[in-house]
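Have a look at the structure below before the remarks.
The values are calculated or read from the model by the stated rules, or taken from the named source; none is laboratory data. Small disclaimer: the values here were computed from a predicted structure and weren't measured. Cβ placement follows ideal geometry from the backbone for every residue including glycine, while neighbour counts extend to all protein chains displayed. The protein model used for the area step is the full one, side chains on, heavy atoms only, and it has no ligands, DNA or RNA in it. Shrake-Rupley method; radii C 1.70, N 1.55, O 1.52, S 1.80 Å.
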Amino acid sequence: MAGPTGPRSAPNRTTGPTSAGTNVPAATGTLVRGNEDDLSCNSRPLGGRVVSVDLLGIARWQFGITTVYHFLMVPLTIGLAILVAGMQTAWYRTGNERYLKMTKFWGKLMMVNFAMGVVTGIVQEFQFGMAWSEYSRFVGDVFGAPLAMEGIVAFFVESVFLGLWIFGWGRLSKRAHLACAWAFSLATVASAYFILAANSWMQHPVGVEMVDGEPRLSSIWAVLTNNTLLAAFPHTIFGCFAVAGTFVLGIAAWKVWKRDRQGLPRDEDRRVWHKSMRVGAWVALVSFVGLAISGDVQGKLMFQQQPLKMASAEALCHTEQPASFSVFAYGDVSRPDCESVKSITVPFMLSYLAHGDFDTEVKGVQQLQREYEDEYGTHYPNDPRLGDLAGERIEYQPNLPVTYWGFRFMIGFGAVSALAALGALWFTRGGRFPRGRLWGPLALASIATPFLGNVFGWIFTEMGRQPFVVAPNPNPSGVDGVWMYTAQAVSSGVSPGEMMTSLIALTSVYGVLLVVEVFLMVRYARGGFEAVMPPKHSDDDSGSGGDDVLSFAY
Amino acid sequence: MDLPTVWFCVIALLWLGYLFLEGFDFGVGMLLPVLGRRETERRVLINTIGPVWDGNEVWLIVAGGAMFASFPGWYAGLFSTAYLPLTLLLLVLIGRGVAFEYRGKVDTDRWRRAWDAVIVIASWVAPLMVGLVLSATVFGLPLDANGDRVGGPLVILTLPNLLGALAVVAFSLLHGAAFLALKTEGGVRERAHRFALLLGVPLLLPVVGLLLVAQLREGAAWTWISLVIVLLAGVAALARQAVGRDGQAFVLQGVALAGVVVTLFGALWPNVLPSTLDPAWSLSIAETASSPYTLTVVTWVAAFGTPAVLVYQGWTYWVFRKRIGTEHIPPVHAA
């Protein structure tokens, strides 16, 4: 990572957060010091500096990797669990075997994914204490409660009723078995609510008062009805359904395409795949509408709650009135003088996105940096535990390229997946399916888009909150004086070597398991209904004496 | 009793639930190659815990979450100090959970053997780490005034803590054997039964040893009572096992475990994590407890949530109460 030292001479190596190589400084971006005179509106110099491999940097990478990875599994689990419960309900009500096939097939893929979500979730809960002990001490009075609630209310229901559902085919009555499906799938949604309550508190602390320099919970109701949470929850859940809908759409479309190209008959199985595909496409399309609406609400909130996140998302240097929305930058947003960034803009649009009208002023990064310095101080405390940052000047602007491109990739990938869904609905109307060679691979590729949209959305919102781990609440009627810098949050008793060990070990295991998961999903997708439906003969005696052999076993 | 003390007891109870439930499913995993000689027998073993292992593991997550909510300083101090053991615990729990779910999904011996290896290794390593970390919180760690570790990552490896690790492994083995004797039939059951009888006494020794160390170093007068209960229940469990009363033996082991947890947490009280450097730096219940309001909130959640959990988790065990033998295992149905 050695290179020219001055930020101004930093080479243009920023290609967005997708490139692993340039991603190192991105994650530690706000913590790498630049020249004092570049304070305003500069992004951190990417790729142009020596980045010390420090505890904080490793801890942040670990949190980023484990969280993004966990969130590859979570939205698919949540969305697919509800869809499968819906399919099973259709089977229960109509008795039509078509819905049983759909339940079994999509249920199997959901289970392959569910296991991964469960086991990677334990890491999420443990690493607050392990890697972020200072954070845990500081916020424990507030932050622990939603986590404990998530465990007691959601995780127990999820795990117990999933076990009952997997092993309960033929053992429970159809009605009880269906109830199990709804129990665990709704529990995944409840789980999302509680963990988003915790996250929203980090974005916008409410319901606390400061006692002896630490936040004390004064209203759990305020935490559970935080307006940040009420906006983030629907946005996240729509994101889950966008993922699940596109997943179903992509795989089912690939199955139909393959059958048609092999010249297989237009039989019942094709109808079931076709039906699955259209269900998935509708789910994805409706989700995108929901995402756009909830995202707009969330964005307007963020302009009030974390104006620097949003100004950075727009690379908006100077306060504008009315403000233009930047669609796409073709300059180098990583340059410290963001004035040189050229971008295609839509006049008045940003004023609308921020405040709902076309003439309100939107504050730029330079002005906000000065306001934050007045409000929260100019320098980090001279605490040796802050390492290199002790006594240094505080950069309040989050990493500009990550925030700017993260925001655009989130929206962009979401839009692509919506277009895919719309296209699928049009081209497959009335049972048809286009014959072209590219349609199958294209359908499979579309599965990736909502995943990427989710990932970039989280990277954007978490990186955009930097340098804070708990962002201050700027609302004067809200909670004042509660904030924490990320640099202060890391465990001071843990050595960089330990942190690096766990980072490498977890990343390696995660990598291997991702390969295994995809391998299994591909196998099940290839296998189709035959691989998941019970063998025919067992259907005949399921009514009499079928109790001897387990209907499902590992 | 004030709320912090109530929550200290709740944490003890959550760990008891975890050790009781995941204890036997760790034992089943450890005994997989010992008692499961043929593939179908190994599937018998795995399917005794198939529907329930995930729910059992949630007790660990909730124990961690409850510590975070009610004693943030305890959670932060213990988890950051025991960084490497907990990392290893997380890694093996990840592998183990995925192994159960994926093992039957491809029908080749190589595939199954690989996941079996993950299950066995993880089932041995996990209780070792749990025992290490739990003992460390009882016997203390070299903490500074901030509650952070002084010294390298391996300071946790003291003799008492290693004994604790051994004790949890030993208990899990014995508990797993008793569970299998209760839940299986045929060859597996006979072997599990023999295993529990033959190794019952040697496996109880490290448990009793751990309790004696805890009692002599930190114990109160009243914790002698729970220690004696452990001995009585442990011996009674073996006696019931000998006459083939598998259910009673299993329950008596639970009673013994309750005695173990009471003795250990009794020895820990009124601390939550002693500092071995300076008693003034020890983390206590009073110092690390969350505010009364927070504790009240989580008390209400636990008061309604926990009984419900016990009811529906109990119901699962009722639904899957039948003994499993090789004749109940369906043919492999993989992708």
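Annotations
- From helices alone, chain A scores -21000 deg cm²/dmol at 222 nm; the rule is -39500 (n - 2.57) for each run of n ≥ 4 DSSP H residues, then divide by the residue total.
- Label positions at A:ALA292 and B:LEU310, each projected 7 Å from the Cα along the C-beta direction, are separated by 5.3 nm.
- Under a Gaussian network description of chain B, with springs only between Cα atoms under 10 Å, the residue in B:PRO202, B:PRO160, B:PRO72 that fluctuates furthest is B:PRO202.
- Listed residues B:ASP109, B:ASP54, B:ASP278, most fluctuating in chain B (Gaussian network, C-alpha, under 10 Å): B:ASP109
- Around B:SER172: net Lys/Arg minus Asp/Glu count, Cβ-Cβ under 10 Å: -2
- In a simple Cβ point-charge model (Lys, Arg +1; Asp, Glu -1; nothing else charged), chain A has a dipole of about 2960 debye relative to its Cα centre.
- For A:PHE468, distant residues with modelled amide H under 5 Å away: A:THR486
- Rounded to whole Hz, the Karplus (6.51, -1.76, 1.60) HN-Hα couplings of the range A:152-168, x for glycine and proline: 6, 7, 9, 5, 4, 4, 3, 6, 5, 7, 5, x, 5, 6, 5, 9, x
- Percent carbon-and-sulfur accessible area, chain A, ignoring ligands, DNA and RNA, probe 1.4 Å: 62
- Rule-of-thumb Rg ratio for the range B:11-328 [Cα; 2.2 N^0.38 Å; N residues]: 1.00
- Rounded to the nearest 10 Å², the accessible area of B:TYR75 at probe 1.4 Å: 0
- Residue-wise HN-Hα coupling along the range A:251-263, computed from phi with Karplus coefficients 6.51, -1.76, 1.60 (Hz; x: Gly, Pro): 5, 5, 4, 4, 5, 5, 4, 5, 4, 4, 5, 7, x
- Protection proxy ranking, highest mean first, for peptides A:264-273, B:320-329, A:307-316: A:307-316, B:320-329, A:264-273, where packing is the per-residue count of other beta-carbon atoms within 10 Å, averaged.
- Normalised per residue, the accessible area of the range A:127-267 is 29 Å², obtained with a 1.4 Å probe and no contribution from ligands, DNA or RNA.
- The listed peptides B:81-91, B:168-178, A:413-423, A:386-396, ordered by packing as a protection proxy, come out as B:168-178, B:81-91, A:413-423, A:386-396 (highest mean of other Cβ atoms within 10 Å first).
- Residues of the range B:71-100 that bury at least 30 Å² of accessible area when the other protein chains are present, relative to the chain alone (probe 1.4 Å, heavy atoms, ligands and nucleic acids excluded): B:PRO72, B:TYR75, B:ALA76, B:PHE79, B:SER80, B:TYR83, B:LEU84, B:THR87, B:LEU90, B:LEU91, B:ILE94, B:VAL98.
- In terms of accessible area, using a 1.4 Å probe and ignoring ligands and nucleic acids, B:ASP246, A:ASP480, B:ASP144 rank largest first as A:ASP480, B:ASP144, B:ASP246.
- Peptide B:45-56 - average C-beta neighbours from other chains (10 Å radius): 5
- Within the shell defined by Cβ-Cβ distances under 9 Å, the residues around B:LEU32 carry a net charge of 0, with Lys and Arg each +1 and Asp and Glu each -1.
- For chain A, the longest principal axis of the Cα atoms and the long axis of helix A:55-94 meet at an angle of about 30 degrees.
- Prolate/oblate/rounded call for the range A:157-254, Cα gyration tensor, a/c under 1.5 rounded: oblate
- In the B-A interface, the accessible area buried, summed over both sides, Å² (probe 1.4 Å): 6900
- Stretched out straight at 0.36 nm per residue, the stretch from A:ASP548 to A:PHE358 would grow longer than its current Cα-Cα span by 61.3 nm.
- Comparing the full protein assembly with the isolated chain (1.4 Å probe, heavy atoms, ligands and nucleic acids excluded), the residues of the range B:126-149 losing at least 30 square angstrom of accessible area are B:ASN146, B:ASP148, B:ARG149.
- Dipole of the protein assembly as shown [Lys/Arg +1, Asp/Glu -1 at C-beta], most positive-end residue of B:VAL298, A:ALA448, A:LEU438: A:LEU438
- Net length gained if the chain between A:LEU444 and A:ARG432 were fully extended (0.36 nm per residue, minus Cα distance): 2.5 nm
- In summary, the lysines within cross-link reach of A:LYS174, defined as a Cα separation below 21 angstrom excluding same-chain residues under 8 places away, comprise A:LYS101, A:LYS104, A:LYS108, A:LYS536, B:LYS322.
- If you sort A:LYS363, A:LYS104 by accessible surface, 1.4 Å probe, largest first, the order is A:LYS363, A:LYS104.
- Using bins of 20 Å that start at zero, the share of Cα-Cα pairs per bin across the protein assembly as shown amounts to 14, 45, 33, 7, 0, in whole %.
- Residue-normalised accessible area of the range B:11-328, expressed per residue, 1.4 Å probe, Å²: 34
- List A:TYR193, A:TYR485, ordered by accessible area with a 1.4 Å probe, largest first: A:TYR193, A:TYR485
- Accessible surface of the range B:11-328, 1.4 Å probe, proportion on carbon and sulfur as whole %: 73
- Phi angles of the range A:364-371 translate, via the Karplus equation with coefficients 6.51, -1.76, 1.60 and θ = phi - 60°, into HN-Hα couplings of x, 4, 4, 5, 5, 4, 5, 5 Hz per residue; Gly and Pro are given as x.
- Packing here is the average count of other Cβ atoms within 10 Å per residue, and on that basis the peptides B:234-240, A:218-224, highest first, run B:234-240, A:218-224.
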